[in-house]
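Data block below; observations after.
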Amino acid sequence: MHSIDDGEVSMRIAVIGAGNVGGTLGRRWAERGHDVAFGMRDPARGASAVKGGVALPDGARVATVADAVRGAEVVLLATPWKSARDALGEAGADHGALDGKTILDTTNPLGAGLMHLAGPKGESGAEQIQAWAPNARVVKIFNTTGFENMQDPVYDGAATVMFYAGDDAAAKAHAHRLATDLGFEAIDVGALVRARELEHLAVLWISLAFGDLGRNFAFRVVRR
Ligand SMILES: NC(=O)c1ccc[n+]([C@@H]2O[C@H](COP(=O)([O-])OP(=O)(O)OC[C@H]3O[C@@H](n4cnc5c(N)ncnc54)[C@H](OP(=O)(O)O)[C@@H]3O)[C@@H](O)[C@H]2O)c1
(Lines give C-alpha, C1' and ligand atoms only; values in the text may rest on other atoms or scores of the structure.)
Protein backbone atom coordinates (compact mmCIF):
# COMPACT_ATOMS: atom_id res chain seq x y z
CA MET A 1 0.00 0.00 0.00
CA HIS A 2 1.27 3.47 -0.76
CA SER A 3 -0.05 6.97 -0.71
CA ILE A 4 -1.27 8.69 -3.84
CA ASP A 5 -1.05 12.40 -4.36
CA ASP A 6 -4.07 13.53 -2.35
CA GLY A 7 -2.84 11.52 0.64
CA GLU A 8 -5.42 8.76 0.20
CA VAL A 9 -4.30 5.15 0.32
CA SER A 10 -4.13 3.31 -3.00
CA MET A 11 -6.47 0.43 -3.74
CA ARG A 12 -5.78 -3.10 -4.96
CA ILE A 13 -7.80 -3.58 -8.13
CA ALA A 14 -8.28 -6.68 -10.31
CA VAL A 15 -9.36 -5.95 -13.87
CA ILE A 16 -11.05 -8.87 -15.63
CA GLY A 17 -11.13 -8.17 -19.36
CA ALA A 18 -8.18 -6.14 -20.64
CA GLY A 19 -9.89 -4.71 -23.73
CA ASN A 20 -11.12 -1.20 -24.48
CA VAL A 21 -12.75 -0.60 -21.10
CA GLY A 22 -10.56 -2.72 -18.82
CA GLY A 23 -7.31 -1.65 -20.47
CA THR A 24 -8.23 2.04 -20.35
CA LEU A 25 -9.48 2.10 -16.75
CA GLY A 26 -6.78 -0.21 -15.38
CA ARG A 27 -3.94 1.72 -16.98
CA ARG A 28 -5.31 5.04 -15.73
CA TRP A 29 -5.78 3.74 -12.16
CA ALA A 30 -2.22 2.39 -12.15
CA GLU A 31 -0.98 5.79 -13.39
CA ARG A 32 -2.88 7.33 -10.45
CA GLY A 33 -0.98 5.11 -8.00
CA HIS A 34 -3.34 2.16 -7.53
CA ASP A 35 -2.14 -1.46 -7.62
CA VAL A 36 -3.72 -3.07 -10.69
CA ALA A 37 -3.65 -6.72 -11.75
CA PHE A 38 -5.06 -7.50 -15.19
CA GLY A 39 -6.68 -10.94 -14.98
CA MET A 40 -6.36 -12.64 -18.36
CA ARG A 41 -7.24 -16.02 -19.79
CA ASP A 42 -3.70 -16.20 -21.19
CA PRO A 43 -1.33 -13.95 -19.22
CA ALA A 44 1.59 -15.28 -21.28
CA ARG A 45 0.41 -12.85 -23.99
CA GLY A 46 1.90 -10.18 -21.74
CA ALA A 47 1.48 -6.43 -21.36
CA SER A 48 0.87 -5.76 -25.04
CA ALA A 49 -2.39 -7.73 -24.81
CA VAL A 50 -3.70 -5.07 -22.42
CA LYS A 51 -5.41 -2.54 -24.69
CA GLY A 52 -3.86 0.92 -24.76
CA GLY A 53 -0.12 0.36 -25.07
CA VAL A 54 2.74 -2.13 -25.28
CA ALA A 55 4.19 -1.73 -21.77
CA LEU A 56 2.32 -1.38 -18.48
CA PRO A 57 2.55 1.56 -16.08
CA ASP A 58 4.35 1.02 -12.77
CA GLY A 59 2.00 -0.64 -10.33
CA ALA A 60 0.29 -2.80 -12.97
CA ARG A 61 0.87 -6.46 -13.86
CA VAL A 62 -0.74 -9.27 -15.80
CA ALA A 63 -1.94 -12.43 -14.06
CA THR A 64 -4.44 -15.22 -14.37
CA VAL A 65 -7.98 -14.19 -13.47
CA ALA A 66 -7.86 -16.19 -10.23
CA ASP A 67 -4.50 -14.73 -9.21
CA ALA A 68 -5.55 -11.16 -10.00
CA VAL A 69 -8.69 -11.45 -7.88
CA ARG A 70 -6.98 -13.14 -4.92
CA GLY A 71 -5.40 -10.02 -3.45
CA ALA A 72 -7.89 -7.44 -4.70
CA GLU A 73 -10.43 -5.44 -2.76
CA VAL A 74 -12.10 -4.18 -5.96
CA VAL A 75 -12.79 -6.25 -9.09
CA LEU A 76 -13.61 -4.50 -12.37
CA LEU A 77 -15.67 -6.78 -14.63
CA ALA A 78 -15.05 -5.63 -18.22
CA THR A 79 -15.68 -8.66 -20.41
CA PRO A 80 -18.35 -8.93 -23.08
CA TRP A 81 -21.68 -9.79 -21.44
CA LYS A 82 -21.70 -13.26 -22.98
CA SER A 83 -18.40 -14.03 -21.18
CA ALA A 84 -19.32 -12.51 -17.82
CA ARG A 85 -20.52 -15.69 -16.13
CA ASP A 86 -17.47 -17.67 -17.32
CA ALA A 87 -15.18 -14.89 -16.12
CA LEU A 88 -16.77 -14.96 -12.67
CA GLY A 89 -16.24 -18.72 -12.68
CA GLU A 90 -12.55 -18.26 -13.56
CA ALA A 91 -12.34 -15.78 -10.68
CA GLY A 92 -13.63 -18.49 -8.32
CA ALA A 93 -17.10 -17.11 -7.64
CA ASP A 94 -18.43 -20.61 -6.95
CA HIS A 95 -15.77 -21.14 -4.26
CA GLY A 96 -16.25 -17.85 -2.42
CA ALA A 97 -13.27 -16.07 -4.01
CA LEU A 98 -15.37 -12.93 -4.63
CA ASP A 99 -17.08 -12.90 -1.23
CA GLY A 100 -16.95 -9.46 0.36
CA LYS A 101 -15.22 -7.88 -2.64
CA THR A 102 -16.55 -4.91 -4.56
CA ILE A 103 -17.42 -5.81 -8.16
CA LEU A 104 -17.64 -2.85 -10.52
CA ASP A 105 -19.83 -4.12 -13.36
CA THR A 106 -19.24 -2.35 -16.68
CA THR A 107 -21.03 -4.87 -18.89
CA ASN A 108 -23.97 -4.10 -21.12
CA PRO A 109 -26.16 -7.13 -21.81
CA LEU A 110 -27.23 -6.32 -25.34
CA GLY A 111 -28.34 -8.45 -28.26
CA ALA A 112 -29.01 -7.75 -31.91
CA GLY A 113 -30.43 -4.29 -32.60
CA LEU A 114 -29.25 -3.08 -29.16
CA MET A 115 -31.97 -5.18 -27.49
CA HIS A 116 -31.49 -5.21 -23.71
CA LEU A 117 -31.13 -8.82 -22.56
CA ALA A 118 -32.98 -8.63 -19.26
CA GLY A 119 -33.29 -11.61 -16.93
CA PRO A 120 -36.56 -13.57 -16.66
CA LYS A 121 -38.03 -11.09 -14.15
CA GLY A 122 -36.69 -8.03 -15.95
CA GLU A 123 -33.40 -8.07 -14.06
CA SER A 124 -30.48 -5.98 -15.24
CA GLY A 125 -27.17 -7.61 -16.05
CA ALA A 126 -25.86 -6.25 -12.75
CA GLU A 127 -28.58 -8.04 -10.79
CA GLN A 128 -27.78 -11.26 -12.65
CA ILE A 129 -24.10 -10.83 -11.75
CA GLN A 130 -25.10 -10.29 -8.12
CA ALA A 131 -27.00 -13.60 -8.28
CA TRP A 132 -23.93 -15.38 -9.72
CA ALA A 133 -21.66 -13.92 -7.01
CA PRO A 134 -24.15 -13.61 -4.15
CA ASN A 135 -21.72 -12.55 -1.42
CA ALA A 136 -19.90 -9.97 -3.52
CA ARG A 137 -20.90 -6.30 -3.43
CA VAL A 138 -21.92 -5.38 -6.96
CA VAL A 139 -22.00 -1.81 -8.24
CA LYS A 140 -23.07 -0.92 -11.79
CA ILE A 141 -20.74 1.74 -13.16
CA PHE A 142 -18.63 2.65 -16.22
CA ASN A 143 -21.30 1.30 -18.60
CA THR A 144 -22.99 4.52 -19.76
CA THR A 145 -20.26 6.14 -21.83
CA GLY A 146 -17.60 5.13 -24.34
CA PHE A 147 -14.12 4.01 -23.35
CA GLU A 148 -12.65 7.17 -24.97
CA ASN A 149 -14.47 9.18 -22.29
CA MET A 150 -12.96 6.92 -19.63
CA GLN A 151 -9.56 7.94 -21.00
CA ASP A 152 -10.56 11.63 -20.84
CA PRO A 153 -13.87 12.51 -19.13
CA VAL A 154 -13.36 16.28 -19.27
CA TYR A 155 -15.03 18.41 -21.99
CA ASP A 156 -14.45 22.17 -22.17
CA GLY A 157 -12.72 22.05 -18.79
CA ALA A 158 -15.64 20.45 -16.94
CA ALA A 159 -16.22 16.89 -15.76
CA THR A 160 -18.80 14.66 -17.44
CA VAL A 161 -21.00 12.37 -15.40
CA MET A 162 -20.59 8.78 -14.26
CA PHE A 163 -23.70 7.30 -12.67
CA TYR A 164 -23.53 4.27 -10.41
CA ALA A 165 -26.02 1.99 -8.64
CA GLY A 166 -25.57 -0.58 -5.88
CA ASP A 167 -26.87 -1.90 -2.58
CA ASP A 168 -23.70 -1.72 -0.47
CA ALA A 169 -22.52 1.64 0.88
CA ALA A 170 -18.85 0.68 1.20
CA ALA A 171 -18.72 -0.70 -2.34
CA LYS A 172 -20.40 2.45 -3.63
CA ALA A 173 -17.76 4.51 -1.84
CA HIS A 174 -15.09 2.53 -3.78
CA ALA A 175 -16.94 3.17 -7.03
CA HIS A 176 -17.36 6.87 -6.27
CA ARG A 177 -13.70 7.31 -5.44
CA LEU A 178 -12.40 5.39 -8.46
CA ALA A 179 -14.61 7.36 -10.87
CA THR A 180 -13.69 10.67 -9.22
CA ASP A 181 -9.98 9.74 -9.39
CA LEU A 182 -10.30 9.63 -13.19
CA GLY A 183 -12.01 13.02 -13.44
CA PHE A 184 -15.69 12.08 -13.62
CA GLU A 185 -18.48 13.66 -11.62
CA ALA A 186 -19.68 10.49 -9.88
CA ILE A 187 -23.41 10.39 -9.01
CA ASP A 188 -25.15 7.70 -6.95
CA VAL A 189 -28.51 6.82 -8.54
CA GLY A 190 -29.62 4.41 -5.82
CA ALA A 191 -30.00 0.68 -5.27
CA LEU A 192 -28.75 -2.03 -7.63
CA VAL A 193 -32.21 -2.35 -9.18
CA ARG A 194 -31.57 1.10 -10.72
CA ALA A 195 -28.94 -0.59 -12.91
CA ARG A 196 -31.91 -1.34 -15.18
CA GLU A 197 -32.05 2.38 -16.05
CA LEU A 198 -28.26 2.62 -16.36
CA GLU A 199 -28.22 -0.24 -18.87
CA HIS A 200 -30.93 1.50 -20.90
CA LEU A 201 -28.99 4.78 -20.67
CA ALA A 202 -26.07 2.88 -22.19
CA VAL A 203 -28.32 1.86 -25.09
CA LEU A 204 -29.11 5.55 -25.64
CA TRP A 205 -25.40 6.49 -25.60
CA ILE A 206 -24.54 3.72 -28.05
CA SER A 207 -27.41 4.50 -30.43
CA LEU A 208 -26.43 8.19 -30.46
CA ALA A 209 -22.79 7.21 -31.04
CA PHE A 210 -23.82 5.12 -34.05
CA GLY A 211 -25.62 8.19 -35.41
CA ASP A 212 -24.54 11.74 -36.14
CA LEU A 213 -22.92 12.39 -32.75
CA GLY A 214 -20.16 9.81 -33.15
CA ARG A 215 -18.24 8.64 -30.09
CA ASN A 216 -16.81 11.98 -28.93
CA PHE A 217 -19.69 13.18 -26.78
CA ALA A 218 -20.68 12.62 -23.15
CA PHE A 219 -23.53 13.25 -20.73
CA ARG A 220 -23.27 15.93 -18.03
CA VAL A 221 -25.59 16.95 -15.17
CA VAL A 222 -26.19 20.67 -14.69
CA ARG A 223 -27.96 22.22 -11.70
CA ARG A 224 -29.41 25.45 -10.36
N1 LIG B 1 -16.36 -0.28 -25.57
C2 LIG B 1 -16.98 0.67 -24.84
O3 LIG B 1 -16.85 1.89 -25.13
C4 LIG B 1 -17.83 0.27 -23.67
C5 LIG B 1 -18.34 1.28 -22.84
C6 LIG B 1 -19.09 0.93 -21.70
C7 LIG B 1 -19.28 -0.41 -21.39
N8 LIG B 1 -18.79 -1.38 -22.24
C9 LIG B 1 -18.99 -2.80 -21.85
O10 LIG B 1 -17.75 -3.21 -21.30
C11 LIG B 1 -17.51 -4.58 -21.59
C12 LIG B 1 -16.16 -4.69 -22.30
O13 LIG B 1 -16.21 -3.97 -23.52
P14 LIG B 1 -14.87 -3.73 -24.35
O15 LIG B 1 -15.23 -2.82 -25.46
O16 LIG B 1 -13.76 -3.38 -23.42
O17 LIG B 1 -14.60 -5.20 -24.93
P18 LIG B 1 -13.29 -5.76 -25.66
O19 LIG B 1 -12.43 -4.62 -26.09
O20 LIG B 1 -13.77 -6.76 -26.64
O21 LIG B 1 -12.52 -6.51 -24.47
C22 LIG B 1 -13.08 -7.60 -23.83
C23 LIG B 1 -11.98 -8.26 -23.00
O24 LIG B 1 -12.58 -9.32 -22.25
C25 LIG B 1 -11.69 -10.41 -22.28
N26 LIG B 1 -12.41 -11.64 -21.96
C27 LIG B 1 -13.41 -12.22 -22.67
N28 LIG B 1 -13.83 -13.32 -22.04
C29 LIG B 1 -13.07 -13.45 -20.92
C30 LIG B 1 -13.04 -14.38 -19.87
N31 LIG B 1 -13.87 -15.43 -19.84
N32 LIG B 1 -12.12 -14.21 -18.89
C33 LIG B 1 -11.28 -13.15 -18.91
N34 LIG B 1 -11.29 -12.21 -19.87
C35 LIG B 1 -12.17 -12.37 -20.87
C36 LIG B 1 -11.09 -10.37 -23.65
O37 LIG B 1 -9.91 -11.11 -23.64
P38 LIG B 1 -9.37 -11.96 -24.89
O39 LIG B 1 -8.40 -11.05 -25.56
O40 LIG B 1 -8.75 -13.15 -24.24
O41 LIG B 1 -10.56 -12.31 -25.75
C42 LIG B 1 -10.86 -8.88 -23.81
O43 LIG B 1 -9.63 -8.48 -23.23
C44 LIG B 1 -18.68 -5.06 -22.46
O45 LIG B 1 -19.58 -5.78 -21.64
C46 LIG B 1 -19.29 -3.76 -22.99
O47 LIG B 1 -20.68 -3.88 -23.19
C48 LIG B 1 -18.05 -1.08 -23.35
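The values are calculated or read from the model by the stated rules, or taken from the named source; none is laboratory data. Because the structure is predicted, anything quoted here is derived from the model rather than measured. Here Cβ is always computed from backbone atoms with ideal geometry, including for glycine, and neighbour counts include all displayed protein chains.
Things worth noting here:
- Any hit, segment 135-157, residues being closer than 21 Å to R27 by Cβ, away from the ligand (no atom under 12 Å from the Cβ) and either among the acidic types (D, E) or at pLDDT below 95 (or both): yes
- Sole residue being within 11 Å of the ligand (Cβ to nearest atom), touching a Lys or Arg at 6+ places or on another chain (Cβ under 8 Å), touching a residue at least 24 places away in the same chain (Cβ under 8 Å) and closer than 26 Å to S124 by Cβ, chosen from E73, E90: E90
- Verdict on A66 being modelled with pLDDT of 95 or more and away from the ligand (no atom under 12 Å from the Cβ): no
- Pair list, Cβ under 8 Å, 6 or more apart: segment 115-139 residue in a loop (DSSP other than H, G, I, E, B), other residue of a type in the set (D, E) and surrounded by 16 or more Cβ atoms within 10 Å (Cβ to Cβ): G119/E127; S124/E199
- In segment 15-61, the residues that are small (G, A, S), away from the ligand (no atom under 11 Å from the Cβ) and within 21 Å of E73 (Cα to Cα): A30, G33, A37, G59, A60
- Verdict on R12 being touching a Gly at 6+ places or on another chain (Cβ under 6 Å), farther than 17 Å from S83 by Cβ and more than 11 Å from the ligand (Cβ to nearest atom): yes
- Filtering segment 158-165 for residues that are more than 15 Å from the ligand (Cβ to nearest atom), surrounded by fewer than 24 Cβ atoms within 10 Å (Cβ to Cβ), under 18 Å from T102 (Cα atoms) and not hydroxyl-bearing (S, T, Y) leaves an empty set.
- All conditions but one from (1) of a type outside the set (A, V, I, L, M); (2) over 17 Å from V21 (Cα atoms); (3) more than 12 Å from the ligand (Cβ to nearest atom); (4) not in a strand (DSSP E or B) apply to G183; the one that does not is (2).
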